[in-house]
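Values in this text are rule-based calculations from the coordinates and carry no lab data. Bear in mind the structure is a predicted one, so any value in this text is a computation, not a measurement. With ideal geometry, Cβ positions are generated from the backbone for all residues, glycine too; neighbour counts draw on all protein chains shown.
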Amino acid sequence: MSSKPLPILPGATLGILGGGQLGRMFTLAARTMGYKVMVLDPDGASPAGQMADEHVQADYTDLAALKKLGVACAAVTTEFENVPAASLIELARHCRVAPSAEAVAIAQDRGHEKTWLADNGFATAPFTLINSEADLDAALAKTGTPALLKVSRFGYDGKGQARIGTLDEARTAFREFGGLPCVLEGFVKLECELSVVLARDDAGQCERFPVAENRHVNGILDVSIVPARVPESLTQQARDMACAVAHKLDYVGVMAVEFFVADGRLLINEVAPRPHNSGHYTLDACVTDQFEQQVRVLCGLPLGDTRLLSPVVMLNILGDRWKNGGPHWDALLAQTNIKLHLYGKQTARPGRKMGHCNVLDADLNTALQLAEQIRNGL
């Protein structure tokens, strides 16, 4: 555990690797708090770059760009886990970097992550590492069918994974994934999915946001329901397990831990070393949102209050809604208790996250009904 750094105060420049919607919302939070922001992202039209004081358009491995970022910024963070660890190490030669390259390297590879979780005593769904096609036969015998084959790197929102029923299907999927290292995961009797977004500072203090109950469609998050409709004992266990993961990683920053609830037990599904889609409800429903918290922990400031101010349902808005003339915003904006957040992406594609909205109501079931009504009405 490292000592608490001197605080980085407004007026300083903060850097972020990655220019997607998470980087955009970090940039907005930082600028609101009085910081300048420099974004490094290869996309000239990146959502975060549109909002930053400076957008460095370069690859994440570009040494000159990394040096420019590191010299100009008091501290740098990331908005996605697939930044090369070597880039974070290079940046750390010039400025503060949080989270660390070591923590990100574990979370960015599904195989490493699952093995690390198991080695440290955290329960997961049954899994086997697949490094070659020859591993599939014994792996399927261990996990049984049906099972999920997932690429170890760069898979997200249902991409890079296939449902497996037979050995032939496993071989076909492995070949379609280019023979890359994979993880074969056994199915569990799923009751629901939960997530905990938290922040941990240099001194080891851990602040957790309320537990979210998540529903997915085609591998993509559809809605997050907060507070989660599970027993308080399970809520507390999820919060404690999430902090235990952060402590074991000696993690500094904002992170999310996703859980399966199966037979009343919590199984860790994934760890995300960054703010998370299921934490977007915090933008309107908590004293401090996850992006302000990201600024605070990066700058060595006291962690913000994570209290829930209102029950809330977060609804993702995907590119599918742009068919047939685009979304019907009038139906959404006619509701006075819905907060709309669009990400500034120029091209809408099926499955692409274009924005989200938060539905706030004193009654959680009413909020959920309205969110489903809006989804169908868009």
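Structure values in brief
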{"item": "Å³ per residue enclosed by the Cα convex hull of region 23-170", "result": "146"}
{"item": "Kirkwood Rh (inverse of mean 1/r, distinct Cα pairs), region 237-287, angstrom", "result": "12.0"}
{"item": "Placed amide H near VAL217: partners under 5 Å, 5+ positions off or other chain", "result": "ASP222"}
{"item": "Cβ-based exposure ranking for GLU113, GLU372, GLU169, in which fewest neighbours within 10 Å come first", "result": "GLU372, GLU169, GLU113"}
{"item": "Cα-centre dipole for the chain with unit charges at Cβ (Lys and Arg positive, Asp and Glu negative), debye to 20", "result": "460"}
{"item": "Under 5 Å, built H, 5+ apart or other chain: amide partners of GLU270", "result": "GLU258"}
{"item": "For the chain, the spread of Cα positions along each principal axis, largest first, Å", "result": "58, 50, 44"}
{"item": "Which of CYS182, CYS73 has the fewest Cβ neighbours within 10 Å, and the rest in rising order", "result": "CYS73, CYS182"}
{"item": "Amide H partners (placed H, <5 Å) of ASP53, local residues excluded", "result": "VAL37"}
{"item": "GNM result for the chain, Cα springs below 10 Å: residue of GLY304, GLY219, GLY178 fluctuating most strongly", "result": "GLY178"}
{"item": "Region 126-186: relative contact order in percent, alpha carbon pairs under 8 Å with at least 6 residues between", "result": "51"}
{"item": "Selected from VAL83, VAL313, VAL39 as most flexible by GNM, with the chain as the system and alpha-carbon contacts under 10 Å", "result": "VAL83"}
{"item": "J(HN,Hα) series, region 177-182, from Karplus relation 6.51 cos²θ - 1.76 cosθ + 1.60, nearest Hz, glycine and proline x", "result": "7, x, x, 6, x, 9"}
{"item": "Helical contribution to [θ] at 222 nm, DSSP H n ≥ 4, -39,500 (n - 2.57), averaged over the chain, rounded to 500", "result": "-8500 deg cm²/dmol"}
{"item": "Student exercise, region 211-323 dipole from Lys, Arg, Asp, Glu Cβ charges, in Debye to nearest 20", "result": "120"}
{"item": "Computed magnitude of the charge dipole of region 1-139 (debye, nearest 20; Cβ of K, R +1, Cβ of D, E -1)", "result": "840"}
{"item": "Cα shape, region 307-378, gyration tensor, a/c 1.5 rule", "result": "prolate"}
{"item": "Region 126-186 - Debye-derived log10 I(q)/I(0), Cα point model, q = 0.13, 0.14, 0.15, 0.16 Å⁻¹", "result": "-0.25, -0.29, -0.33, -0.38"}
{"item": "Burial ordering of PHE174, PHE259, PHE187, PHE26, fewest other beta-carbon atoms within 10 Å first", "result": "PHE187, PHE174, PHE259, PHE26"}
{"item": "Translational diffusion of region 190-377, µm² s⁻¹ [Kirkwood Rh, Cα pairs; Stokes-Einstein; 25 °C; 0.890 mPa s]", "result": "144"}
